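Novice: Pasting a structure below so you can have a look.
The values are calculated or read from the model by the stated rules, or taken from the named source; none is laboratory data. Predicted model, so just to flag it, every value in this text is computed and none were measured. Backbone-built Cβ (ideal geometry, glycine too); neighbour counts: all protein chains shown.
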Amino acid sequence: MIGYLWAGFICIAILLAALKGEISAITPSIFKSAEQAVTVAFGLIGLMAFWLGIMKIIEESGIMEVLKKLLRPLALFLFPRVPRDHPAMSAILMNMSANLLGMGNAATPFGLRAMEELQKLNPCPEEATDEMCTFLALNTSSLTLLPTTVIALRAATGSLNPTEIVGTTIVATTCSTLVALVADRIFRGRRVRS
(Lines give C-alpha, C1' and ligand atoms only; values in the text may rest on other atoms or scores of the structure.)
Protein backbone atom coordinates (compact mmCIF):
# COMPACT_ATOMS: atom_id res chain seq x y z
CA MET A 1 0.00 0.00 0.00
CA ILE A 2 2.75 2.46 0.93
CA GLY A 3 4.42 1.74 -2.42
CA TYR A 4 1.31 2.92 -4.24
CA LEU A 5 1.25 6.07 -2.12
CA TRP A 6 4.87 6.93 -3.00
CA ALA A 7 4.26 6.11 -6.67
CA GLY A 8 1.28 8.48 -6.60
CA PHE A 9 3.38 11.26 -5.06
CA ILE A 10 6.06 10.80 -7.73
CA CYS A 11 3.50 10.84 -10.55
CA ILE A 12 1.84 13.97 -9.16
CA ALA A 13 5.23 15.70 -8.84
CA ILE A 14 6.15 14.85 -12.44
CA LEU A 15 2.73 15.98 -13.67
CA LEU A 16 2.97 19.29 -11.79
CA ALA A 17 6.51 19.88 -13.10
CA ALA A 18 5.27 19.25 -16.64
CA LEU A 19 2.32 21.60 -16.18
CA LYS A 20 4.60 24.36 -14.85
CA GLY A 21 7.08 23.83 -17.73
CA GLU A 22 9.87 22.72 -15.39
CA ILE A 23 10.21 19.08 -16.47
CA SER A 24 13.95 19.58 -17.05
CA ALA A 25 14.41 20.12 -13.29
CA ILE A 26 13.30 16.58 -12.43
CA THR A 27 16.47 14.65 -13.31
CA PRO A 28 18.91 16.95 -11.43
CA SER A 29 16.50 17.00 -8.49
CA ILE A 30 16.38 13.19 -8.38
CA PHE A 31 20.19 12.91 -8.36
CA LYS A 32 20.55 15.66 -5.75
CA SER A 33 17.97 13.97 -3.49
CA ALA A 34 19.66 10.59 -3.91
CA GLU A 35 23.00 12.13 -2.97
CA GLN A 36 21.48 13.76 0.11
CA ALA A 37 19.87 10.45 1.13
CA VAL A 38 23.21 8.64 0.95
CA THR A 39 24.94 11.42 2.90
CA VAL A 40 22.29 11.33 5.64
CA ALA A 41 22.36 7.52 5.75
CA PHE A 42 26.14 7.46 6.21
CA GLY A 43 25.93 10.17 8.85
CA LEU A 44 23.29 8.15 10.67
CA ILE A 45 25.44 5.02 10.73
CA GLY A 46 27.96 6.67 13.05
CA LEU A 47 25.36 8.40 15.17
CA MET A 48 23.18 5.31 15.53
CA ALA A 49 26.26 3.24 16.42
CA PHE A 50 27.07 5.83 19.09
CA TRP A 51 23.54 5.82 20.55
CA LEU A 52 23.28 2.04 20.40
CA GLY A 53 26.59 1.90 22.27
CA ILE A 54 25.19 4.30 24.87
CA MET A 55 22.12 2.06 25.14
CA LYS A 56 24.36 -0.97 25.67
CA ILE A 57 26.23 0.90 28.42
CA ILE A 58 22.90 1.87 30.00
CA GLU A 59 21.80 -1.76 29.85
CA GLU A 60 25.08 -3.13 31.24
CA SER A 61 25.29 -0.51 34.00
CA GLY A 62 21.92 -1.54 35.38
CA ILE A 63 20.10 1.70 34.57
CA MET A 64 17.63 -0.29 32.46
CA GLU A 65 16.84 -2.46 35.49
CA VAL A 66 16.32 0.68 37.59
CA LEU A 67 13.94 2.00 34.92
CA LYS A 68 12.09 -1.30 34.90
CA LYS A 69 11.69 -1.15 38.68
CA LEU A 70 10.45 2.44 38.49
CA LEU A 71 7.98 1.57 35.73
CA ARG A 72 6.71 -1.66 37.34
CA PRO A 73 3.99 0.01 39.51
CA LEU A 74 2.67 1.86 36.44
CA ALA A 75 2.72 -1.33 34.36
CA LEU A 76 0.92 -3.27 37.10
CA PHE A 77 -1.72 -0.53 37.23
CA LEU A 78 -2.16 -0.43 33.43
CA PHE A 79 -2.08 -4.22 33.00
CA PRO A 80 -3.79 -5.61 36.12
CA ARG A 81 -4.70 -8.95 34.49
CA VAL A 82 -1.12 -9.73 33.46
CA PRO A 83 0.62 -11.75 36.19
CA ARG A 84 3.59 -9.84 37.62
CA ASP A 85 6.06 -12.67 36.93
CA HIS A 86 4.75 -13.49 33.43
CA PRO A 87 7.18 -12.97 30.49
CA ALA A 88 4.67 -10.51 29.00
CA MET A 89 5.21 -8.12 31.93
CA SER A 90 8.98 -8.28 31.50
CA ALA A 91 8.70 -7.57 27.76
CA ILE A 92 6.26 -4.70 28.42
CA LEU A 93 8.69 -3.17 30.94
CA MET A 94 11.65 -3.51 28.57
CA ASN A 95 9.61 -1.93 25.77
CA MET A 96 8.54 0.96 27.99
CA SER A 97 12.13 1.50 29.16
CA ALA A 98 13.56 1.52 25.64
CA ASN A 99 10.83 3.89 24.43
CA LEU A 100 11.46 6.17 27.40
CA LEU A 101 15.08 6.46 26.28
CA GLY A 102 14.03 7.15 22.69
CA MET A 103 15.37 3.89 21.30
CA GLY A 104 12.45 2.80 19.12
CA ASN A 105 14.69 0.34 17.28
CA ALA A 106 15.53 -1.40 20.55
CA ALA A 107 11.90 -1.21 21.73
CA THR A 108 10.46 -2.99 18.70
CA PRO A 109 11.66 -6.53 19.52
CA PHE A 110 10.39 -6.13 23.08
CA GLY A 111 7.05 -4.90 21.76
CA LEU A 112 6.72 -7.89 19.47
CA ARG A 113 7.63 -10.25 22.30
CA ALA A 114 5.12 -8.54 24.61
CA MET A 115 2.33 -9.03 22.06
CA GLU A 116 3.29 -12.69 21.58
CA GLU A 117 3.21 -13.25 25.34
CA LEU A 118 -0.06 -11.34 25.73
CA GLN A 119 -1.54 -13.53 23.00
CA LYS A 120 -0.67 -16.60 25.10
CA LEU A 121 -2.85 -15.14 27.88
CA ASN A 122 -5.68 -14.41 25.43
CA PRO A 123 -8.76 -16.63 26.02
CA CYS A 124 -10.18 -15.64 22.60
CA PRO A 125 -7.28 -15.64 20.10
CA GLU A 126 -9.38 -14.08 17.32
CA GLU A 127 -9.80 -10.84 19.28
CA ALA A 128 -7.33 -8.49 20.91
CA THR A 129 -7.57 -8.34 24.69
CA ASP A 130 -7.90 -5.11 26.64
CA GLU A 131 -4.27 -5.50 27.68
CA MET A 132 -3.16 -5.84 24.06
CA CYS A 133 -5.07 -2.66 23.13
CA THR A 134 -3.61 -0.79 26.10
CA PHE A 135 -0.12 -1.92 25.19
CA LEU A 136 -0.61 -0.86 21.58
CA ALA A 137 -1.82 2.59 22.68
CA LEU A 138 1.06 2.95 25.13
CA ASN A 139 3.69 1.75 22.65
CA THR A 140 2.38 3.92 19.82
CA SER A 141 2.30 7.11 21.89
CA SER A 142 5.48 6.20 23.81
CA LEU A 143 6.54 8.74 26.41
CA THR A 144 10.12 9.72 25.51
CA LEU A 145 12.59 11.50 27.77
CA LEU A 146 15.59 11.34 25.44
CA PRO A 147 14.69 11.25 21.71
CA THR A 148 17.99 9.71 20.61
CA THR A 149 16.87 8.73 17.10
CA VAL A 150 15.52 12.20 16.32
CA ILE A 151 18.64 13.82 17.78
CA ALA A 152 20.74 11.57 15.53
CA LEU A 153 18.66 12.51 12.47
CA ARG A 154 18.93 16.21 13.27
CA ALA A 155 22.69 15.94 13.75
CA ALA A 156 23.08 13.98 10.51
CA THR A 157 21.21 16.65 8.55
CA GLY A 158 23.39 19.46 9.90
CA SER A 159 21.31 20.92 12.73
CA LEU A 160 23.28 23.46 14.76
CA ASN A 161 21.61 22.34 17.99
CA PRO A 162 20.18 18.84 17.51
CA THR A 163 19.24 18.46 21.20
CA GLU A 164 17.02 21.56 21.40
CA ILE A 165 13.96 19.37 20.84
CA VAL A 166 14.31 17.45 24.11
CA GLY A 167 11.97 19.69 26.13
CA THR A 168 9.25 19.84 23.50
CA THR A 169 9.57 16.09 22.93
CA ILE A 170 8.96 15.40 26.61
CA VAL A 171 5.87 17.66 26.60
CA ALA A 172 4.52 16.28 23.32
CA THR A 173 5.03 12.61 24.20
CA THR A 174 3.60 13.12 27.69
CA CYS A 175 0.47 14.61 26.13
CA SER A 176 0.23 11.88 23.48
CA THR A 177 0.64 9.13 26.07
CA LEU A 178 -1.99 10.62 28.37
CA VAL A 179 -4.44 11.04 25.47
CA ALA A 180 -3.78 7.47 24.28
CA LEU A 181 -4.35 6.00 27.75
CA VAL A 182 -7.51 8.05 28.35
CA ALA A 183 -8.87 7.07 24.92
CA ASP A 184 -8.01 3.44 25.67
CA ARG A 185 -9.99 3.56 28.92
CA ILE A 186 -12.94 5.31 27.27
CA PHE A 187 -13.14 2.83 24.40
CA ARG A 188 -12.56 -0.09 26.74
CA GLY A 189 -15.56 1.04 28.78
CA ARG A 190 -17.73 1.39 25.69
CA ARG A 191 -16.81 -2.04 24.41
CA VAL A 192 -17.76 -3.67 27.71
CA ARG A 193 -21.16 -1.94 27.74
CA SER A 194 -22.05 -2.80 24.12
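Novice: Considering only segment 138-146, I want to know if a residue exists there that is within 15 Å of the chain's Cα centre (by Cα) and on the phi > 0 side of the Ramachandran plot.
Specialist: Taking segment 138-146 first, the residues within 15 Å of the chain's Cα centre (by Cα) are 138-146.
Cutting the leftovers down to on the phi > 0 side of the Ramachandran plot gives us 142.
Looking through segment 138-146, at least one residue is within 15 Å of the chain's Cα centre (by Cα) and on the phi > 0 side of the Ramachandran plot.
Novice: Separate question: List the number of the failed condition for Pro123; all other conditions in (1) part of a loop (DSSP other than H, G, I, E, B); (2) in contact (Cβ under 8 Å) with a residue 40 or more places away in the chain; (3) over 29 Å from Leu44 (Cα atoms) hold.
Specialist: Of everything listed in (1) part of a loop (DSSP other than H, G, I, E, B); (2) in contact (Cβ under 8 Å) with a residue 40 or more places away in the chain; (3) over 29 Å from Leu44 (Cα atoms), Pro123 misses just condition (2).
Novice: Which one is farthest from Leu118 (Cα to Cα) among residues in segment 24-59 that are among the charged types (D, E, K, R) and modelled with pLDDT under 85?
Specialist: Lys56
Novice: What residue, among those in segment 91-121 that are loosely packed, with under 15 Cβ neighbours inside 10 Å and among the polar types (S, T, N, Q), is nearest to Val150 (Cα to Cα)?
Specialist: Per the stated criteria, the residue is Asn105.
Novice: Here's something else I'd like to know. Starting from segment 153-167, keep only residues that are part of a loop (DSSP other than H, G, I, E, B) and surrounded by fewer than 18 Cβ atoms within 10 Å (Cβ to Cβ), then list their pairs with residues that are of a type in the set (A, V, I, L, M, F, W, C) and at pLDDT below 90 whose Cβ atoms are within a distance under 8 Å, requiring at least 6 positions of separation or different chains.
Specialist: Once the first residue is part of a loop (DSSP other than H, G, I, E, B) and surrounded by fewer than 18 Cβ atoms within 10 Å (Cβ to Cβ) and sits in segment 153-167, its partners that are of a type in the set (A, V, I, L, M, F, W, C) and at pLDDT below 90 give Thr157/Val40; Thr163/Ile151; Ile165/Val150; Ile165/Ile151.
Novice: With the requirement that a residue be farther than 20 Å from Asp184 by Cβ and free of Cβ contacts under 8 Å to residues at least 12 places away in the same chain, what does segment 91-115 give you?
Specialist: Correct list: Thr108, Pro109.
Novice: Can we say Arg113 is part of a helix (DSSP H, G or I), under 16 Å from the mean Cα position of the chain (by Cα) and among the charged types (D, E, K, R)? Step through it out loud before you land on a result.
Specialist: Details: part of a helix (DSSP H, G or I): yes; under 16 Å from the mean Cα position of the chain (by Cα): yes; among the charged types (D, E, K, R): yes.
When the stated conditions are applied, Arg113 passes them.
Novice: Going by the conditions given, is Leu181 of a type outside the set (Lys, Arg) and at pLDDT 90 or above?
Specialist: yes
Novice: Do we find that Leu74 is touching a Ser or Thr at 6+ places or on another chain (Cβ under 7 Å) and closer than 16 Å to Thr173 by Cβ in this structure?
Specialist: Working: touching a Ser or Thr at 6+ places or on another chain (Cβ under 7 Å): no; closer than 16 Å to Thr173 by Cβ: yes.
It is false that Leu74 is touching a Ser or Thr at 6+ places or on another chain (Cβ under 7 Å) and closer than 16 Å to Thr173 by Cβ.
Novice: How do the pairs read when you match residues in segment 21-35 that are without any contact (Cβ under 8 Å) to a residue 12 or more places away in the chain with residues anywhere that are exposed (fewer than 11 other Cβ atoms within 10 Å of the Cβ) and acidic (Asp, Glu), using Cβ under 9 Å and keeping only pairs 6 or more apart or on different chains?
Specialist: Pairs that qualify, where the first residue is without any contact (Cβ under 8 Å) to a residue 12 or more places away in the chain and the partner is exposed (fewer than 11 other Cβ atoms within 10 Å of the Cβ) and acidic (Asp, Glu): there are none.
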